[in-house]
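Below: the structure, in structure tokens.
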Number of protein chains: 2
Amino acid sequence: MRRGSNQLRLADFNQAVVLDVLRRSPGVSRADLRRVSGLSSQTISNITRRLIDDGLIRETTPGGSARGRPSIPLVIDRDGAFSVGVHIDPARLTTVLLDLDGEVRLQRQQRTPQATNPPEVTATIAASVDSIIDEAGVDRDRVLGLGIATPGPLDVQAGVILDPPQLPNWRNVKLRADLHHATGLPVLLDKDVTAAATAELRSSTDATNAFVFLYLGSGVGASVVLDNQVLRGSTNNIGEVGDIIVDPDAEQLEWTGRRGGLAAACVPEALVIQAAHVGLLPLPNLNDYLAIDDACTALCDLASAGDGGAVRILRRAAGRVAVGLGVLMNLLDVPRVVVGGPLWSRLSESFLRVLPELVTRELVVAREHIVVEGSAVGEHVAAQGAAELVMDHFLAPRASALMVGES
Amino acid sequence: MRRGSNQLRLADFNQAVVLDVLRRSPGVSRADLRRVSGLSSQTISNITRRLIDDGLIRETTPGGSARGRPSIPLVIDRDGAFSVGVHIDPARLTTVLLDLDGEVRLQRQQRTPQATNPPEVTATIAASVDSIIDEAGVDRDRVLGLGIATPGPLDVQAGVILDPPQLPNWRNVKLRADLHHATGLPVLLDKDVTAAATAELRSSTDATNAFVFLYLGSGVGASVVLDNQVLRGSTNNIGEVGDIIVDPDAEQLEWTGRRGGLAAACVPEALVIQAAHVGLLPLPNLNDYLAIDDACTALCDLASAGDGGAVRILRRAAGRVAVGLGVLMNLLDVPRVVVGGPLWSRLSESFLRVLPELVTRELVVAREHIVVEGSAVGEHVAAQGAAELVMDHFLAPRASALMVGES
């Protein structure tokens, strides 16, 4: 086990308050910080000195418009700290490096090898984390921690993956402890949909900041943002929507999911079974997520090329997804849906053409305007969100006990 | 039009702060109020003097344990102000009188006459408001306002009922303005499920204060409470759940609702159609909500008496409702469901016996403990919630523009 090597001093609550103000309002002075925080002049002076010494903030040149002695603007040093976010989808592993300013410095996507073998996935993640830190030329001591976004259900408090339908052999895997052991970094574990909604909310320019995020990957999930808050649910397992019945007349697939459910409508496994049934593709090995993912890509390519059978399958999937979105929008009374996840880029062309109209038909309360759009962040949305959750953990002024391995 | 006669002076924000503290902490002194509110001694003195003059609060006898000059405890005068809440269900009209202490002084339930005729309903409500105020012997000048809970969809801002599936002929009815005209009282309009969740939350002793409220009346609806907050949705129309498919194999009823939907599973109209199909009852006139309600009562009485056909219908309804509750609990990750509304007392015996087990089977994330229970408030829950929303409007320290007719 490597040494937990984080040398940055981040434990202080008042320091977190100051950093939080600087992240949101670059260029404020020490006097501004005193006014906003209510902290004493001496405390602000000590904290800013320490943050400058640690390389987390720096002084910039004053504009000089004020009379008398100019106050010195302070800004975050974007190279002062980093976090790594990893999104484990059974078929795709996405890794991002986020800087203190909230910018993604590097991102990598690779195929998840042997998703059915947790130790191998752990080793792959650790190697990917090393590699992205090395490639960016970042001092490892400046990496605050590692955020992992995974399918649920999870015990977020304990850092344990409970029994995800999309990850066989992952029952009660202590992923947070295992990854802390493998990387030496503090590790935070959260649900893929929660991480994705976190990143999407940050990048959103929509004033209402109320939306449903529909996650399409090897599995399907949802998260909900209301009033600028990402809902989590009472056990942090919000968004299990795969069993929502979206087509009562759906065929019975040779598959474990609920007949006519949202998962059966749109996850790659169900789509490739449908494609194989009508002879579009050979049925892949259904225990092999990579083979399923490849077959799903082939199906989407066929549809893009105009193959009637493939187009019909994706068109039907869009109709069923619209029914599911109708359930969420009718229940929660939100006017906006964001769709993302590793499967999305392959479906967006087929889906975006028809989803807005199909969803509108499902609404009980007539609306003049709804928005159905793809993620503004992109395919790494859940990985970025996981990295942002790590930054928030260390830098936002609040108590939390969800991490292991803090130095 | 009667005179808007409210003589109480309630517009002041600081006064609202003081009243709010006193509602939550009876017996605090003027010095306590200064500390809690941050208001000056002079301001507290003026406000408490005015509130005492208006009869909204009163002084009580100090305990005398403190040394020196004892501070005088202040309490709300429960007779100082009242609000009236009315819940319009197409079959039942419920009216409550709430006092300043949050206690229901009087409640009345009557059959809604001619639900298809809005002016007649308005007249009936106005008469019911007059009657409950008179019967309680309350000074009308002390009635702050009237809260109306109705089926959605609503335009809460405008006080207009838009186009409720359960209330034909109620398209774009300006109910708030009409009732203000008829009663002279300030009027607030809100959705039945939102009002019900508000009252249920107040009476809840559950520490998490996270639950789904399932409303069963002439229609079906839901509301959601998370972290002590009643969710409203972006247009105050949260909780349209009638179209959620709960039984893909459900029969097609001669009815407008979605086949296999939650409404088709449990609203009185659908239940009596099912009962008539198997010869248990003659089919009532489906344009007559009272006849439907009576037939539904007869069906429930048959089930209570052990009639096999009636028991089967209600047992099937419970199974379908469980699927719907599963959708809500899986999506929102809440461990608790409260069921209420005008239909609930007739179904609770059949439903509570089986719902907890049936709901547990629907959960994707295994839980050691879930709660499925009937409303702690009772059948007047939505009316009480509407009255509480009026109290909050006048007495909670926040800006709002949802009422008409404030003096």
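Here is how the numbers come out for the structure above:
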{"read-out": "Which listed residue is farther than 24 Å from B:Asn117 by Cα and touching a residue at least 24 places away in the same chain (Cβ under 8 Å), from B:Asp206, B:Asp192", "value": "B:Asp206"}
{"read-out": "Output for the range A:194-221, where each listed residue is within 20 Å of A:Glu103 (Cα to Cα), within 14 Å of another protein chain (Cβ to nearest Cβ) and crowded, with 24+ Cβ neighbours inside 10 Å", "value": "A:Thr194, A:Ala197"}
{"read-out": "In the range A:90-117, the residues that are under 24 Å from A:Ser204 (Cα atoms) and in a loop (DSSP other than H, G, I, E, B)", "value": "A:Leu100, A:Asp101, A:Gly102, A:Glu103"}
{"read-out": "Single unsatisfied condition, A:Thr122 versus (1) assigned to a helix (DSSP H, G or I); (2) in contact with a helix residue (DSSP H, G or I) (Cβ under 8 Å, 6 or more places away or on another chain); (3) polar (S, T, N, Q); (4) without any contact (Cβ under 8 Å) to a residue 60 or more places away in the chain", "value": "(4)"}
{"read-out": "Search result, residues across the range B:28-61 that are polar (S, T, N, Q) and in a helix (DSSP H, G or I)", "value": "B:Ser37, B:Ser41, B:Gln42, B:Thr43, B:Ser45, B:Asn46, B:Thr48"}
{"read-out": "Enumeration of residues in the range A:81-113 that are at pLDDT below 95 and polar (S, T, N, Q)", "value": "A:Gln109, A:Gln110, A:Thr112"}
{"read-out": "Positions within the range B:228-258 being of a type in the set (D, E, K, R) and facing chain A (nearest Cβ under 7 Å), in sequence order", "value": "B:Glu240, B:Asp243"}
{"read-out": "Single residue of A:Val187, A:Val224, A:Val173 found to be within 14 Å of chain B (Cβ to nearest Cβ) and either buried (at least 23 other Cβ atoms within 10 Å of the Cβ) or not acidic (Asp, Glu) (or both)", "value": "A:Val224"}
{"read-out": "Subset of the range B:146-162 (residues that are buried (at least 17 other Cβ atoms within 10 Å of the Cβ), within 19 Å of B:Gly233 (Cα to Cα) and not β-branched (Val, Ile, Thr))", "value": "B:Ala149, B:Pro151, B:Gly152, B:Pro153, B:Leu154, B:Asp155, B:Gly159, B:Leu162"}
{"read-out": "The listed residue being touching a residue at least 40 places away in the same chain (Cβ under 8 Å) and outside the structural domain of A:Val86 (by TED's automatic domain parsing), out of A:Leu231, A:Leu214", "value": "A:Leu214"}
{"read-out": "Filter result (hydrophobic (A, V, I, L, M, F, W, C) and within 25 Å of A:Gly378 (Cα to Cα)) within the range A:104-127", "value": "A:Val104, A:Leu106, A:Ala115, A:Val121, A:Ile125, A:Ala126, A:Ala127"}
{"read-out": "Residues (within 22 Å of B:Asn117 (Cβ to Cβ) and touching a Leu at 6+ places or on another chain (Cβ under 7 Å)) located in the range B:289-311", "value": "B:Ile292, B:Ala295, B:Cys296"}
{"read-out": "Condition met for A:Ala250 (touching a Pro at 6+ places or on another chain (Cβ under 9 Å), farther than 16 Å from A:Gly385 by Cβ and surrounded by fewer than 24 Cβ atoms within 10 Å (Cβ to Cβ))", "value": "yes"}
{"read-out": "Sole exception among (1) farther than 21 Å from B:Asp243 by Cβ; (2) away from chain A (no Cβ under 14 Å); (3) surrounded by fewer than 23 Cβ atoms within 10 Å (Cβ to Cβ) for B:Val143, by number", "value": "(3)"}
{"read-out": "Any hit, the range A:126-134, residues being surrounded by fewer than 24 Cβ atoms within 10 Å (Cβ to Cβ), hydrophobic (A, V, I, L, M, F, W, C) and free of Cβ contacts under 8 Å to residues at least 24 places away in the same chain", "value": "yes"}
{"read-out": "Answer from B:Ser345, B:Ser350 - the residue that is among the polar types (S, T, N, Q), touching a helix residue (DSSP H, G or I) at 6+ places or on another chain (Cβ under 8 Å), surrounded by fewer than 23 Cβ atoms within 10 Å (Cβ to Cβ) and under 24 Å from B:Pro90 (Cα atoms)", "value": "B:Ser350"}
{"read-out": "Matching entry among A:Arg320, A:Arg312, A:Arg316, A:Arg258 (being among the basic types (Lys, Arg), at pLDDT below 95 and under 30 Å from A:Arg367 (Cβ atoms))", "value": "A:Arg258"}
{"read-out": "Selection count where residues are part of a helix (DSSP H, G or I), β-branched (Val, Ile, Thr) and touching a helix residue (DSSP H, G or I) at 6+ places or on another chain (Cβ under 9 Å), scope the range A:132-167", "value": "1"}
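So that you can scan it fast, the table gives a plain yes or no per residue for (1) modelled with pLDDT of 90 or more; (2) of a type in the set (D, E, K, R); (3) touching a Gly at 6+ places or on another chain (Cβ under 6 Å):
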position	(1), (2), (3)
A:Glu357	yes, yes, no
A:Val365	no, no, no
A:Val372	yes, no, no
A:Ser375	yes, no, yes
A:Gly378	yes, no, no
A:Gly385	yes, no, no
A:Ala399	no, no, no
A:Ser407	no, no, yes
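The values are calculated or read from the model by the stated rules, or taken from the named source; none is laboratory data. The structure presented is a predicted model; accordingly, all values stated were derived computationally and were not measured. A quick note on method: Cβ atoms are made from the backbone with ideal geometry, for glycine too, and the neighbour counts reach across all protein chains shown.
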